[in-house]
Amino acid sequence: MKKNYFLLFLVVPFLNYSQPGSESAIMSINATIPYQGYGESTAHVGTGEYKIFYDNVDGVLDKPIFFVDGFDPNDSRDIPSMYSLLDFGNPVENLADLVRDEGYDIVVL
């Protein structure tokens, strides 16, 4: 039994770290407090999706930059298209890729 606990202590610290340059799956987040707008008959709970693009240095979520979608009533922008909005220049470079090389993490919401 002691060996099992010892192995658990060896493995758990590595679960909080990702490989440099990796990314998480697209995950959902839901509000717990409903909001009822002015003139509306029912309250609604907010929901959203996010994805974490870890830096290319150490793969630890330590210096996040949040990239948040603006007003989009049709919910037409998805996370990959938002990430591609950061493309610039000729030849094409991506601002998110550049800051990830500098050790920053990108969280797209």
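The values are calculated or read from the model by the stated rules, or taken from the named source; none is laboratory data. Small disclaimer: the values here were computed from a predicted structure and weren't measured. Don't worry about glycine lacking a Cβ; one is built from the backbone with ideal geometry, like all the others, and counts go over all protein chains shown.
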Conditions (1) at pLDDT below 90; (2) out of contact with any strand residue (DSSP E or B) (no Cβ under 9 Å at 6 or more places or on another chain); number of the one not met by residue 92: (1)
Strands (runs of 3 or more DSSP E) wholly inside the stretch 8-86 containing at least 2 residues that are at pLDDT 90 or above and surrounded by 13 or more Cβ atoms within 10 Å (Cβ to Cβ): 47-53, 64-67
Residue in the stretch 85-92 that is among the β-branched types (Val, Ile, Thr) and more than 20 Å from residue 19 (Cα to Cα) present: yes
Test result for residue 48, out of contact with any Cys (no Cβ under 9 Å at 6 or more places or on another chain) and under 14 Å from residue 21 (Cα atoms): no
Residues (on the phi < 0 side of the Ramachandran plot and surrounded by 14 or more Cβ atoms within 10 Å (Cβ to Cβ)) located in the stretch 87-108: 94, 95, 96, 97, 99, 100, 104, 105, 106, 107, 108
